[in-house]
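The values are calculated or read from the model by the stated rules, or taken from the named source; none is laboratory data. The model shown is predicted, which means the values in this text are computed figures rather than measured ones. Here the Cβ is made from the backbone with ideal geometry for all residues, glycine too, and neighbour counts use every protein chain on show.
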């Protein structure tokens with residue numbers, strides 16, 4: 001009988017519990033719980049080491065196409081106000097905007113991403129957003145259609161740029177991330193800010 | 001010109017507002033046969049040059065605190081004459097040449 005055998009052992013070592021669980025078992029159980037907690041923590045650390053630290057990404061859209069930029073480089077998100085045109089500037093330059101007393105250069109991200117598809121008319125700004133990005137001492141506002149949310153993802157979730165992306169455009173991306181059930185291009189702030 | 005300020009001749013080049021240091025302006029000429037066309041001759045302070053514009057809007061005095069540096073991102077994307085600063089006033093924004 002199993003119970004009888006257990007009682008025999010308790011009697012031998014002189015520890016009998018009124019609740020039916022010996023102090024030794026309680027101690028072992030406690031040890032096992034601690035070990036389990038340690039293992040869980042260790043597993044988390046290991047997983048974090050393997051996947052890298054989490055990255056916070058601002059996800060936004062140009063039409064139906066999703067993009068992301070590391071939140072570390074995002075200074076603010078604004079609604080466009082009056083943008084002053086600049087003569088002789090590159091097609092992607094929408095102009096200058098007064099951003100709380102500072103002069104912000106606003107760039108048309110759609111034109112940066114599709115330089116071959118330039119239209120005669122500058123992009124309309126109504127209802128859109130400007131994502132102000134800062135990197136390497138440079139700052140610019142990028143006009144985007146919609147700002148969706150901030151995604152917290154492990155660094156390991158950043159995959160190489162998809163092969164289907166045009167090589168001339170691929171240099172503008174750090175990689176691709178799966179976000180909200182779809183792939184979005186993770187923009188390289190450096191590449192987007194430098195002509 | 002007052003201390004810590006600059007008087008600008010503001011012109012509309014058809015796409016944007018430009019400001020030129022009034023002290024540098026030699027002459028403003030109306031271009032014959034082109035309604036609304038003007039030629040601003042500059043060079044009193046520096047090398048002679050001329051700028052075609054659609055309209056001469058007048059002059060404005062900018063104080064030092066209304067002058068901002070040209071954003072690097074813009075400077076790198078301008079071909080031709082580059083502005084040396086941006087004038088930021090309640091009335092608008094001018095590129096200063």
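Checked against the criteria, residue B:50 does not count as modelled with pLDDT under 90 and more than 25 Å from residue A:136 (Cα to Cα). Being more than 25 Å from residue A:95 (Cα to Cα) and surrounded by fewer than 16 Cβ atoms within 10 Å (Cβ to Cβ) is the filter here, so list the residues in region B:6-27 that pass it. Residues satisfying the conditions are B:23, B:26, B:27. Would you check which residues across region A:55-111 are within 14 Å of another protein chain (Cβ to nearest Cβ), closer than 30 Å to residue A:159 by Cβ, surrounded by fewer than 21 Cβ atoms within 10 Å (Cβ to Cβ) and touching a strand residue (DSSP E or B) at 6+ places or on another chain (Cβ under 8 Å) and list them? Scanning region A:55-111 gives A:73, A:75.
Of the set (1) in contact with a strand residue (DSSP E or B) (Cβ under 8 Å, 6 or more places away or on another chain); (2) within 14 Å of another protein chain (Cβ to nearest Cβ); (3) modelled with pLDDT under 95; (4) closer than 26 Å to residue B:11 by Cβ, all apply to residue A:194 but (4).
Hand me the list of helices (runs of 4 or more DSSP H) wholly inside region A:100-195 holding 1 or more residues that are closer than 18 Å to residue A:58 by Cβ. If you could, list the steps in order and put the result at the bottom.
Working: elements: A:109-113, A:167-170, A:189-193.
Result: A:109-113, A:189-193.
The single condition from (1) within 11 Å of another protein chain (Cβ to nearest Cβ); (2) surrounded by 13 or more Cβ atoms within 10 Å (Cβ to Cβ); (3) more than 10 Å from the chain's Cα centre (by Cα) that residue B:37 fails is (1).
Cβ-Cβ contacts under 6 Å between residues 6 or more apart (or on different chains), taken from a first residue in region B:6-21 that is within 13 Å of chain A (Cβ to nearest Cβ) and touching a residue at least 12 places away in the same chain (Cβ under 8 Å) to a second residue that is outside any strand (DSSP E or B) and surrounded by 22 or more Cβ atoms within 10 Å (Cβ to Cβ), are listed as B:16/A:86. Across region B:30-39, not a single residue is classified as in a strand (DSSP E or B) and touching a residue at least 40 places away in the same chain (Cβ under 8 Å).
I need the full set of residues from region B:55-80 which are part of a loop (DSSP other than H, G, I, E, B), more than 7 Å from chain A (Cβ to nearest Cβ) and either exposed (fewer than 15 other Cβ atoms within 10 Å of the Cβ) or touching a helix residue (DSSP H, G or I) at 6+ places or on another chain (Cβ under 9 Å) (or both), in order please.
Residues of region B:55-80 that are part of a loop (DSSP other than H, G, I, E, B), as a first pass: B:69-71, B:76-77, B:79-80.
Next, from what is left, pick out any that are more than 7 Å from chain A (Cβ to nearest Cβ): B:69-70.
Passing the criteria: only B:69.
Within region B:84-93, the set of residues being more than 8 Å from chain A (Cβ to nearest Cβ) and touching a strand residue (DSSP E or B) at 6+ places or on another chain (Cβ under 8 Å) comprises B:84, B:85, B:87, B:89, B:91.
Quickly run through region B:40-49 and pick out the residues that are surrounded by fewer than 13 Cβ atoms within 10 Å (Cβ to Cβ) and closer than 20 Å to residue B:94 by Cβ. Talk me through it step by step, then tell me what you get.
Step one: of region B:40-49, the residues surrounded by fewer than 13 Cβ atoms within 10 Å (Cβ to Cβ) are B:45-48.
If the condition is that a residue be surrounded by fewer than 13 Cβ atoms within 10 Å (Cβ to Cβ) and closer than 20 Å to residue B:94 by Cβ, then B:45, B:46 are the ones that fit.
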